[in-house]
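A.B. asks: One structure follows; several queries about it will come next.
The values are calculated or read from the model by the stated rules, or taken from the named source; none is laboratory data. These numbers were taken from a predicted model, which means no experiment stands behind them. FYI the Cβ positions are ideal-geometry reconstructions off the backbone, even for glycines, and counts take in every protein chain you see. Ligands, DNA and RNA are excluded from the accessible area calculation, which covers all protein heavy atoms including side chains. Shrake-Rupley method; radii C 1.70, N 1.55, O 1.52, S 1.80 Å.
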Amino acid sequence: MVAPRSVAVVTLGCARNEVDSEELAGRLAAAGWELVDDAENADVAVVNTCGFVEQAKKDSIDVLMEAAELKDGPARTQAVVAVGCLAERYGEQLAESLPEADAVLGFDSYADLSKHLDAILHGEKPKSHVPVDRRTLLPLTPTARREAAVAVPGHSQDPVIIGDLPSGVAPVSGPRVIRARLDGRPWAPLKLASGCDRRCTFCAIPAFRGAFLSRRPAEVLTEARWLAERGVKELFLVSENSTSYGKDLGDIRLLETMLPELAAVEGVDRVRVSYLQPAELRPGLIDAIAGTEGVAPYFDLSFQHSSNAVLRRMRRFGSTGDFLNLLRGIRERSAEAGIRSNVIVGFPGETEADVEELAGFLVEARLDVVGVFGYSDEDGTEAATLDGKLSADEVAARVAHITGLVEELTAQRAEDRIGERVRVLVEGVDEDDPGTMVGRAAHQGPEVDGQVLLPGVQAAPGDWVEAVVTETMGVDLIASAVDPAVDLAAPAGSSAVNSAG
């Protein structure tokens, strides 16, 4: 009996890429491929690359090179294929600079990926992807985009499925969903939309991810139920811009109305929204996130800076005062809300006064987590053509200054939570201490926002533990389990129990 063809899908980058990888895995499984975890045990390694910033590009190329080296050793690997954002963004250029990859395929190839992989195993070399500005593929008017026949990863398409789907692959009845889970985590990303209509001068993402396109609510809810049936307790809603959800469907308030429906899905205990644009964050959406039972009061706000002068050059809106007012409004609705952001320092034309204004904003903002990035030119962006560029040494010095400040401020913010009662989703065992479980509270997003350590707690991934914070380590919290029936007195200015998750 001939062994089935096997494939390993290796994922780099963000949670949006994880959804795309699981779509590819579902398509390949439905076409008869065996999914394996390690590239060395697969006939083909499919590397879902990231093309966001320079370090992410380097990491993607390194992984592709490592996978290609397997072809020369005792591993089963016969071919390595690059897909994802780096492949979509650079296409033929990546193929020419990386001949070790057997193919470089763009988003338009995802529906026929199985055929491409078969062809590669039979000695053929598919034509490399030719990059195009994907914003040009959809109509300018958002509400006219639904009828365009454009391949968009994570959105319903008409896959060619013959016979019954393998066990564990999402059904295609009703709203079309093709997905196979690649891990057993108790949380999973769920895509709301793809692309972005904003024109931030530093960002290349819209050019290779395309214009903004929402998934229909029925499709999102169908996938949420499928994930819940497979043990997912927390849904992590992802997109390039979640605050725009619904604008192309004729109702910008769709997310507010859909959040209670997602939270009501049987088996789902917590829903979390990611990537909110401050300039688009409406009071109604703040109310829905902060006040809907089962939705984490968690605000992933893309500030990028606080100086109005810098923000204007970034082609963004807001100021220190605007952002502080926004944060004040969030905390009036939920005092314990988790708030995170990213900032860019060293942007062309940024002055020392701008840096100090940003520092002052961060002191007042009391954010739980802040990612600090140094500016660097990105191919094809407007910012790459701006004057006022700073030297690499100056950018690095500003990064070090703001990073040091952020580390101190976020540690202080974590200390503010001592005595707070948290509901923790257990994710596993602490690698450094087998007697300690680790998980996340409502204010902590997956993988980037710190974690809660639970010494002496006996639990399994997917369990919920009620606990009280006793200590901190940086942004990480240490907590002691408590009886859920016991109503502990809360710290002044906060509620006793975070019932939102």
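A.B. asks: Any residue that is among the hydroxyl-bearing types (Ser, Thr, Tyr), without any contact (Cβ under 8 Å) to a residue 12 or more places away in the chain, farther than 27 Å from Phe236 by Cβ and not in a loop (DSSP other than H, G, I, E, B) - is there at least one of those in region 79-97?
C.D. replies: Yes.
A.B. asks: When you look at Glu100, is it surrounded by fewer than 23 Cβ atoms within 10 Å (Cβ to Cβ) and farther than 21 Å from Ala188 by Cβ, yes or no?
C.D. replies: Yes, satisfied.
A.B. asks: Now for a different question. Anything in region 350-360 that is open to solvent by less than 20 Å² (accessible area, probe 1.4 Å) and either under 23 Å from the mean Cα position of the chain (by Cα) or within 22 Å of Ala337 (Cβ to Cβ) (or both)? List them, or say none.
C.D. replies: Selection gives Leu358 alone.
A.B. asks: Here is a follow-up. If I ask for residues that are closer than 30 Å to Phe373 by Cβ and open to solvent by 10 Å² or more (accessible area, probe 1.4 Å), which ones from region 212-232 would you list?
C.D. replies: Residue satisfying the conditions is Leu213 alone.
A.B. asks: Here is a list of conditions, (1) open to solvent by less than 60 Å² (accessible area, probe 1.4 Å); (2) over 30 Å from Arg134 (Cα atoms); (3) outside any loop (DSSP other than H, G, I, E, B), and Ala442 meets all of them except one; can you say which number that is?
C.D. replies: (3)
Residue-by-condition table, conditions (1) farther than 18 Å from Asn48 by Cα; (2) of a type in the set (A, V, I, L, M); (3) in contact with a strand residue (DSSP E or B) (Cβ under 9 Å, 6 or more places away or on another chain); (4) assigned to a loop (DSSP other than H, G, I, E, B):
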position	(1), (2), (3), (4)
Asp112	no, no, no, no
Leu117	no, yes, yes, no
Pro126	no, no, yes, yes
Pro131	no, no, no, yes
Thr136	yes, no, no, no
Leu140	yes, yes, no, yes
Thr143	yes, no, no, no
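A.B. asks: So, one more: Residues Asp108, Asp118: which one is open to solvent by 70 Å² or more (accessible area, probe 1.4 Å), of a type outside the set (Lys, Arg), modelled with pLDDT of 90 or more and closer than 25 Å to Glu22 by Cβ?
C.D. replies: That would be Asp108, the only listed residue that is open to solvent by 70 Å² or more (accessible area, probe 1.4 Å), of a type outside the set (Lys, Arg), modelled with pLDDT of 90 or more and closer than 25 Å to Glu22 by Cβ.
A.B. asks: Continuing with the same structure: Specify the residue that is nearest to Ser239 (Cα to Cα); the eligible residues are those in region 145-156 that are at pLDDT below 80 and part of a helix (DSSP H, G or I).
C.D. replies: Of everything passing the filter in region 145-156, Arg146 is nearest to Ser239 (Cα to Cα).
A.B. asks: Can you tell me how many residues within region 190-211 are polar (S, T, N, Q) and assigned to a helix (DSSP H, G or I)?
C.D. replies: Number of matching residues: 0.
A.B. asks: In addition: With respect to Asp287, determine if the residue is open to solvent by 10 Å² or more (accessible area, probe 1.4 Å) and without any contact (Cβ under 8 Å) to a residue 24 or more places away in the chain.
C.D. replies: Spelling it out, it is not the case that Asp287 is open to solvent by 10 Å² or more (accessible area, probe 1.4 Å) and without any contact (Cβ under 8 Å) to a residue 24 or more places away in the chain.
A.B. asks: Now for a separate question. If we keep just the residues of region 328-344 that are of a type outside the set (S, T, N, Q), touching a residue at least 40 places away in the same chain (Cβ under 8 Å) and over 22 Å from Glu240 (Cβ atoms), which is most open to solvent (accessible area, probe 1.4 Å)?
C.D. replies: It comes out as Arg333.
A.B. asks: Which residue, of Glu415, Glu407, Glu427, is of a type outside the set (A, V, I, L, M, F, W, C), under 25 Å from the mean Cα position of the chain (by Cα), more than 30 Å from Arg89 (Cβ to Cβ) and not in a strand (DSSP E or B)?
C.D. replies: That would be Glu407, the only listed residue that is of a type outside the set (A, V, I, L, M, F, W, C), under 25 Å from the mean Cα position of the chain (by Cα), more than 30 Å from Arg89 (Cβ to Cβ) and not in a strand (DSSP E or B).
A.B. asks: Also, I was wondering about something else. Take the residues in region 30-88 that are open to solvent by 50 Å² or more (accessible area, probe 1.4 Å) and hydrophobic (A, V, I, L, M, F, W, C); name whichever of them is nearest to the chain's Cα centre (by Cα).
C.D. replies: Once the filter is applied, the top-ranked residue is Phe52.
A.B. asks: Looking at (1) buried (at least 23 other Cβ atoms within 10 Å of the Cβ); (2) under 30 Å from Phe347 (Cβ atoms), which is the only condition Leu235 fails?
C.D. replies: (2)
A.B. asks: Also, quick follow-up: Looking at Leu425, Leu367, which one is touching a residue at least 40 places away in the same chain (Cβ under 8 Å) and in contact with an Asp or Glu (Cβ under 6 Å, 6 or more places away or on another chain)?
C.D. replies: Leu425
A.B. asks: OK, next. Run down Leu311, Leu301, Leu281 and say which single residue is more than 14 Å from Val238 (Cα to Cα) and surrounded by 20 or more Cβ atoms within 10 Å (Cβ to Cβ).
C.D. replies: Just one listed residue meets the conditions, Leu311.
A.B. asks: Is it true that Gly318 is part of a loop (DSSP other than H, G, I, E, B) and farther than 30 Å from Asp183 by Cβ?
C.D. replies: yes
A.B. asks: Condition first: closer than 16 Å to Thr320 by Cα, open to solvent by less than 30 Å² (accessible area, probe 1.4 Å) and either polar (S, T, N, Q) or assigned to a helix (DSSP H, G or I) (or both). Now tell me which residues in region 361-396 satisfy that.
C.D. replies: Answer for region 361-396, where residues must be closer than 16 Å to Thr320 by Cα, open to solvent by less than 30 Å² (accessible area, probe 1.4 Å) and either polar (S, T, N, Q) or assigned to a helix (DSSP H, G or I) (or both): Phe361, Leu362, Ala365.
A.B. asks: Hey, among the residues in region 157-207 that are under 26 Å from Gly246 (Cβ atoms) and among the hydroxyl-bearing types (Ser, Thr, Tyr), which one's modelled with the lowest pLDDT?
C.D. replies: In this case the residue turns out to be Ser173.
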